[in-house]
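Student: Below are the structure tokens for one structure; questions will follow.
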Amino acid sequence: MNVLLNDMAEHEKLDQFIARIKAGEKIEADDWMPEDYRGTLIKLISMHGISEIMGALPEKEWVPKAPTLNRKLGIMAKVQDEMGHGQLLLRVAEDLLKPYNKKRDDLMQDLFTGDLKFHNVFHMESKSWGDAGLIGWLVDGAAIISQTNMLGASYGPYARALHRICAEEVFHAQHGEAIIMALAEGTEEQRKMVQDSIDYWWESLLLFFGPPSKNEVGSSKQDVTIKYRIRTSTNEELRQAFFSKYVKRILSLGYTIPDETLRFDKDTETWIYQQPDWGKLKIIARNEGPRSQQRLNLRRISYENNKWVREALAPKVI
Amino acid sequence: MENNSSLENTAIKELLLQLADDDFIHSYRGSEWLGLAPHIEEDVASSSIAQDTMGHAAIFFKLLEELGEGDADQLAHDRPAKERRNAIILEVVNGPGNYMEDPDYDWAFAVVRNYLYTQAKAIKIQSLHSSSYEPLAEVAQKVQMELYYHLMHWKTWFIQLLGSGHEEAVSRMKAAIEKTLQDFQGVFSLGHYRVEMVKQGLIEDEAVLLNKWIQEVTPVFESVGVACSIKVGMVKGDGRTGQHTEDLEKALETLSEVYASDKTATW
Ligand SMILES: [Fe+2]
Ligand SMILES: [Fe+2]
């Protein structure tokens, strides 16, 4: 098989590769793959991995502040899961990076220089316990929708990682929903916390799914990821699925959504909504979101502070 | 007769408070490290340990609740520093700076404190297996299972860093050992009711526990070339009697920020 592959011309390999993914076969780490497939996966998976890790930071702020012992345990478990997701995904990315001789440490450097992006849209200040609940409920809810979309990904290691991750994400959403429910049934103050959080995070939730097309921000990776069967639905389809799942739930709790134009159009069977400010996404993607730098700094500080630990653990050069 | 049984009860409650408060603050210091540990694998492992430890605190608070001492959440969140019974060494900050802004934390101190405390806790839990207070003897079983992994984890770090031969690592670790030991006696203190606790067979005597601990850690110290006869002190005072530092007060402010915003609300 390998001998055969070596003898084949590039375009034959590509044809065979496309035929394999069309037939629903999984590509494995050591299989031949086109460069732009590898490149797309590296970008996607390392961004996903680092987003899980960076995403643990805003929630971590609420770990000690969680108001009961059970809530403390719940949010600790969730944040630990997120770090675990990051670890799992970075390993998948590392395998893909092997031909380039790059390692975890290179990914970290890329993160610090801004070459490696993370999902910045949620890196705002998390101001209240309501935000902690809402992150679990809707941010993880949105993440579930976008990750479920890739469960059938043509790249086997990523698909398998996502299966494990999605199973845990369901618990995260339940954990968030439980916090929100307790607040929604609580005092005036507690109820208001939830409304404030919805108003505050709504636009970020819409931005999270990405632009409907490349017209909004100048580029979009969705075409190539669909072509290679890494994902199935478009950004817009995912956003629509988010509306369908959550709009009713939010309204039924007696809350409002900060978009007066939001409605379901029966004729076209789509949600009509106020487009978020796509200009913001461009700015945020440059790590210039409200808390992006502060959170990146936490990782920079720890990287610097632990330099001696890495050195001490490094295998000795004899 | 009445006096005797109330004294008995007080000793049980005091012991439970010590165990609960130790783990509560220890878990908090552990959770402050999340996202800041030397690598991601360690973040996952140590946050799991912090979570287990908070679970242990919750178990001890629950036992207090069952004794009619009040709601477990209230006990955890609504007692001022002067009523806390944790050992002072466990409240000491991880390093200068806030965990959300500019944490200048010292991994050597984390490793040393975690290892020495986990070993001490393991010895206490072992002693609690034969506690005359049944409910405590029962939970000791559950706690011990998890503790086994915690101890292995921190002992490995301790040995790796000290045995690395890396100059900075070794000197940082030695400094951390000195800092930790000078207040570590507080972990073994049983407070004002020490005599009653031992008399009732709730737990073994301080000196016995300390001795067992020294016997466990000495060979480990020796294996990595730290020459020692291990001596512990209580420089900052005895946390069991309510003596505490500003570090604890600040920690409690954070730990009960949301709880204190409405103590009667359901969260
Ligand atoms: Fe996750
Ligand atoms: Fe999650």
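Student: Of the numbered conditions (1) touching a Ser or Thr at 6+ places or on another chain (Cβ under 6 Å); (2) part of a strand (DSSP E or B), residue A:264 fails exactly one; give the number of that condition.
Tutor: Residue A:264 satisfies all of (1) touching a Ser or Thr at 6+ places or on another chain (Cβ under 6 Å); (2) part of a strand (DSSP E or B) except (1).
Student: Is there any pair with a first residue in the range A:187-204 that is in the same structural domain as residue A:128 (by TED's automatic domain parsing) and a second that is modelled with pLDDT under 95 and aromatic (Phe, Trp, Tyr) whose Cβ atoms are under 8 Å apart and which are 6 or more apart or on different chains, and what are they?
Tutor: A:201/A:122; A:204/A:122
Student: So which residues in the range A:70-92 are surrounded by 24 or more Cβ atoms within 10 Å (Cβ to Cβ) and away from ligand 1 (no atom under 16 Å from the Cβ), if there are any at all?
Tutor: Matches in the range A:70-92: A:71, A:72.
Student: Of the conditions (1) more than 18 Å from the chain's Cα centre (by Cα); (2) open to solvent by less than 30 Å² (accessible area, probe 1.4 Å); (3) on the phi > 0 side of the Ramachandran plot, residue A:287 satisfies every one except a single condition; which number is it?
Tutor: (1) is the only condition that residue A:287 fails.
Student: What's the total number of residues in the range B:58-93 that are within 10 Å of chain A (Cβ to nearest Cβ), open to solvent by 10 Å² or more (accessible area, probe 1.4 Å) and within 21 Å of residue B:187 (Cα to Cα)?
Tutor: Residues in the range B:58-93 being within 10 Å of chain A (Cβ to nearest Cβ), open to solvent by 10 Å² or more (accessible area, probe 1.4 Å) and within 21 Å of residue B:187 (Cα to Cα): 3 in total.
Student: Would you check which residues across the range B:1-41 are more than 9 Å from chain A (Cβ to nearest Cβ), without any contact (Cβ under 8 Å) to a residue 24 or more places away in the chain and of a type outside the set (A, V, I, L, M) and list them?
Tutor: Residues satisfying the conditions are B:2, B:3, B:4, B:5, B:6.
Conditions (1) in contact with a strand residue (DSSP E or B) (Cβ under 6 Å, 6 or more places away or on another chain); (2) in a helix (DSSP H, G or I), marked per residue:
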site	(1), (2)
A:238	no, yes
A:249	no, yes
A:260	no, no
A:271	yes, no
A:276	no, no
A:279	no, yes
A:283	no, yes
A:298	no, yes
A:308	no, yes
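Student: Moving to a separate point now. From A:300, A:291, grab the single residue that is in contact with a Phe, Trp or Tyr (Cβ under 8 Å, 6 or more places away or on another chain) and within 14 Å of chain B (Cβ to nearest Cβ).
Tutor: Exactly one residue qualifies, and that residue is A:300.
Student: When only residues in the range A:143-170 that are within 11 Å of ligand 1 (Cβ to nearest atom) and either within 14 Å of chain B (Cβ to nearest Cβ) or in contact with a His (Cβ under 7 Å, 6 or more places away or on another chain) (or both) count, which is least open to solvent (accessible area, probe 1.4 Å)?
Tutor: Among residues in the range A:143-170 that are within 11 Å of ligand 1 (Cβ to nearest atom) and either within 14 Å of chain B (Cβ to nearest Cβ) or in contact with a His (Cβ under 7 Å, 6 or more places away or on another chain) (or both), the one least open to solvent (accessible area, probe 1.4 Å) is A:165.
Student: Still on this model: Can you give me the ranges of the helices (runs of 4 or more DSSP H) entirely in the range B:159-261 with at least 2 residues that are farther than 30 Å from residue A:65 by Cα?
Tutor: B:167-181, B:194-200, B:206-223
Student: May I ask you to say which residue of A:152, A:186, A:210 is assigned to a loop (DSSP other than H, G, I, E, B), small (Gly, Ala, Ser) and at positive phi? Break it down into steps so the answer makes sense when it comes.
Tutor: Working: A:152 fails: at positive phi; A:186 fails: at positive phi.
The unique qualifying residue is A:210.
Student: Could you count how many residues in the range B:136-169 are within 14 Å of another protein chain (Cβ to nearest Cβ) and charged (D, E, K, R)?
Tutor: Number satisfying all stated conditions: 3.
Student: Another one. Just to be sure before I move on: is residue A:254 closer than 30 Å to residue B:101 by Cβ and more than 14 Å from chain B (Cβ to nearest Cβ) in the structure I sent?
Tutor: Criteria not met by residue A:254.
Student: Now for a separate question. Give me a count of the residues in the range A:95-142 that are within 14 Å of chain B (Cβ to nearest Cβ), part of a helix (DSSP H, G or I), away from ligand 2 (no atom under 16 Å from the Cβ) and under 18 Å from the mean Cα position of the chain (by Cα).
Tutor: So the answer is 3.
Student: When residue A:265 is evaluated against the numbered criteria (1) touching a residue at least 12 places away in the same chain (Cβ under 8 Å); (2) among the charged types (D, E, K, R); (3) open to solvent by less than 70 Å² (accessible area, probe 1.4 Å), which criterion, by number, is the only one it fails?
Tutor: (1)
Student: Then there's this: Among the candidates A:173, A:182, which residue alone is within 25 Å of residue A:281 (Cα to Cα) and touching a Phe, Trp or Tyr at 6+ places or on another chain (Cβ under 8 Å)?
Tutor: A:173
Student: Tell me which residues, restricted to the range B:126-143, are at pLDDT 95 or above and not aliphatic (A, V, I, L, M).
Tutor: As a first pass, look at the range B:126-143 and keep what is at pLDDT 95 or above: B:126-140, B:143.
Correct list: B:126, B:127, B:129, B:130, B:131, B:132, B:133, B:134, B:135, B:138.
Student: Does the range B:208-243 hold any residues that are within 24 Å of residue B:82 (Cα to Cα), touching a Leu at 6+ places or on another chain (Cβ under 9 Å) and crowded, with 19+ Cβ neighbours inside 10 Å, and which are they? Break it down stepwise before answering.
Tutor: Initially, the range B:208-243 is screened for residues within 24 Å of residue B:82 (Cα to Cα), giving B:232-243.
Adding the requirement that they be touching a Leu at 6+ places or on another chain (Cβ under 9 Å) leaves B:232-233, B:239-240.
Within the range B:208-243, B:232, B:239, B:240 qualify.
Student: Turning to a different aspect of this structure: Would you tally the residues in the range A:65-94 being within 16 Å of ligand 2 (Cβ to nearest atom), more than 9 Å from chain B (Cβ to nearest Cβ) and of a type in the set (Gly, Ala, Ser)?
Tutor: Final tally of qualifying residues: 1.
Student: Can you report the number of residues in the range B:186-207 which are open to solvent by less than 70 Å² (accessible area, probe 1.4 Å) and either free of Cβ contacts under 8 Å to residues at least 24 places away in the same chain or of a type in the set (S, T, N, Q) (or both)?
Tutor: 6
Student: Just to check your reading of the model, which residue among A:302, A:213 is among the small types (Gly, Ala, Ser), free of Cβ contacts under 8 Å to residues at least 60 places away in the same chain and farther than 21 Å from residue A:53 by Cβ?
Tutor: After applying the criteria, what remains is A:213.
Student: Please verify whether residue A:41 is within 15 Å of ligand 1 (Cβ to nearest atom), under 17 Å from the mean Cα position of the chain (by Cα) and at pLDDT 95 or above, treating the condition exactly as stated.
Tutor: No; evaluated as a whole, the condition is false for this residue.
Student: Scan the range A:171-186 residue by residue and report those that are surrounded by fewer than 23 Cβ atoms within 10 Å (Cβ to Cβ) and either hydrophobic (A, V, I, L, M, F, W, C) or not assigned by TED's automatic domain parsing to the domain that holds residue A:251 (or both).
Tutor: As a first pass, look at the range A:171-186 and keep what is surrounded by fewer than 23 Cβ atoms within 10 Å (Cβ to Cβ): A:171, A:173-175, A:177-178, A:181-182, A:184-186.
Selection gives A:171, A:173, A:178, A:181, A:182, A:184.
Student: Turning to a different aspect of this structure: From the list A:130, A:136, which residue is open to solvent by less than 10 Å² (accessible area, probe 1.4 Å), within 30 Å of residue A:202 (Cβ to Cβ) and within 15 Å of ligand 1 (Cβ to nearest atom)?
Tutor: Testing whether each residue is open to solvent by less than 10 Å² (accessible area, probe 1.4 Å), within 30 Å of residue A:202 (Cβ to Cβ) and within 15 Å of ligand 1 (Cβ to nearest atom) leaves just A:136.
The values are calculated or read from the model by the stated rules, or taken from the named source; none is laboratory data. Predicted, not measured: the structure shown is a model, and the values here were computed from it. Methodologically, a virtual Cβ is constructed for each residue, glycine included, from the backbone with ideal geometry; neighbour enumeration extends over all protein chains shown. We work out accessible area using only protein heavy atoms, side chains counted, and drop any ligands, DNA or RNA first. Shrake-Rupley method; radii C 1.70, N 1.55, O 1.52, S 1.80 Å.
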